[in-house]
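Chemist: Below is the structure I would like to discuss, written out as structure tokens.
Bear in mind that the values in this text are calculations on the coordinates, not laboratory data. Note that the coordinates shown come from a computational prediction; the quantities given were computed from them, not determined experimentally. When we count neighbours, we look across all protein chains shown, and the Cβ atoms used for this are built from the backbone with ideal geometry, even at glycine.
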Amino acid sequence: MERGDRLDIDDGRALFASPDLLGVGWMADQVRQRRHGRRATFVFNRQINPTNICVLSCKFCDYATKEGKANAYVLSEKDILDRLSPDLREVHIVGGLYSKWSFDDYLNVLRVIRKAYPQIQLKAYTAVEIDFFARKEKTPIRAILQRLKDEGLVCLPGGGAEIFSERVRKALFPFKIGWAKWSEVHRTAHELGIRSNATMLYGHIETIDERLDHMMKLRDLQDKTGGFLSFIPLAFQPGQTGIVERQTSSIDDLKTIAVSRLLLDNFDHIKSYWVTVGEETCSMALRFGADDVDGTILEERIMHAAKAQTPVGMARDRLVRIIREAGCIPVERDALYEVVKVFGVEPETVLTGTV
Ligand code: SF4
């Protein structure tokens, strides 16, 4: 690392195998500080999950259900607008693949929000949903993305990536898209000027090599397009799935963050998603390579359907506190990582106004 060489998959193996967690974290923190100093970002956002009815039944998913089940829901336009307020910077929209909705119904979610709150940035629909729309409409992915962009979409969330291992895909989500289609959607989005994010679901049946392969595939694509904003390792929530007995340890979470910071040298941002790792590990991760904690979210349904122990949302002040506890400078950002406000290290200090 000090030589400035690019790390390879063998380096990744050695980092994961190292018993020196603090040493690995220190190296990742050096890289993080070179890029971002002590700044750590968050966004004042809201998650909207329009429906939990899904044509698929992925084994690891406790969120999705079928039409007619007691827990099935579809949000109306009013339900969606009731969840929003003008001070939000971003709405993050993801949900089930609902066969009764046309692509226009999904577009309408963006339309309704944009009409009521034109200032709120729209981050919507995973590659899995985009592929679903394309197949349902018998329309190329590029045209689907263009129509979403025309309705105000600014970036894609990173979900649906899970882990890019065919072995795991066949075992846990055989009917869901794999790397080929996921990367096609993101590559096409980048060509159209739509930025995107990339997740990795870890802590189920994947191996360390499969995690590393996932990261290297993303690094290669980022070399080609430069369109990814952030990488987001997501700790698997076992819930009622029966796939594993317990969630990953904080040690594994911190090491995964650190290795991703070291390997993904062409990603600007590594996110520690407080919803899946909890507030304490999230705060620590800011000294292990992460520079972003996601957002206020306000109503997260997907991870909480799998019994995530974290709150369903978090006030801005609490996110600021998590960042300060790590000795970092809280920075409020928008969906595209543009700075909105820089807070001081001390409570109640705002160093710059809204920009
Ligand atoms: S993970 Fe996504 S695609 Fe799979 S069942 Fe759940 S909502 Fe549907």
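Chemist: Under 13 Å from the Cα of residue 224, which aspartates and glutamates turn up, not counting those fewer than eight places away in the same chain?
Modeler: Residue 224 reaches 184, 191.
Chemist: Here's another thing I want to ask about it. Please list, in chain and number order, the residues 5+ apart from residue 206 or on another chain whose amide H is under 5 Å from its amide H, with Hs placed from the backbone.
Modeler: Amide H neighbours of residue 206, under 5 Å, 5+ apart: none.
Chemist: Sticking with this one: Using the 10 angstrom Cβ neighbour count as an exposure proxy, how do 89, 321 rank, fewest first?
Modeler: The most exposed by this proxy come first: 321, 89.
Chemist: Now, a different point. Using modelled amide H (1.01 Å from N, peptide plane; none on Pro or chain starts), what sits under 5 Å from the amide H of residue 40, excluding residues fewer than 5 places away?
Modeler: Hits under the 5 Å cutoff: 329, 331.
Chemist: Here's a follow-up. Antiparallel DSSP bridges in the chain: what percent, to the nearest 5? Could you put the intermediate results ahead of the total?
Modeler: Values: 5 of 34 bridges.
Here the antiparallel bridges make up roughly 15 percent for the chain.
Chemist: Which lysines have a Cα less than 22 Å from the Cα of residue 255, not counting those fewer than 8 places away in the same chain?
Modeler: The qualifying lysines are 217, 271.
Chemist: Lys and Arg at +1, Asp and Glu at -1: add these up for the other residues within a Cβ distance under 13 Å of residue 224 and post the number.
Modeler: Residues close to residue 224 contribute a combined charge of -1.
Chemist: At 20 °C and a viscosity of 1.002 mPa s, what translational diffusion coefficient does Stokes-Einstein give for the chain, taking Rh as the Kirkwood radius over Cα pairs? Give it in µm²/s as a whole number.
Modeler: Value of D from the Cα-based Kirkwood radius: 105 µm²/s.
Chemist: Students often forget the sequence filter, so: which aspartates and glutamates lie under 17 Å Cα-Cα from residue 66 once same-chain residues fewer than 8 apart are removed?
Modeler: 129
Chemist: Related question: Name the residues whose placed amide hydrogens come within less than 5 Å of the amide hydrogen of residue 270, ignoring near sequence neighbours (fewer than 5 apart) on the same chain.
Modeler: Here the answer is 231, 291, 292, since their amide H atoms fall under 5 Å of that of residue 270.
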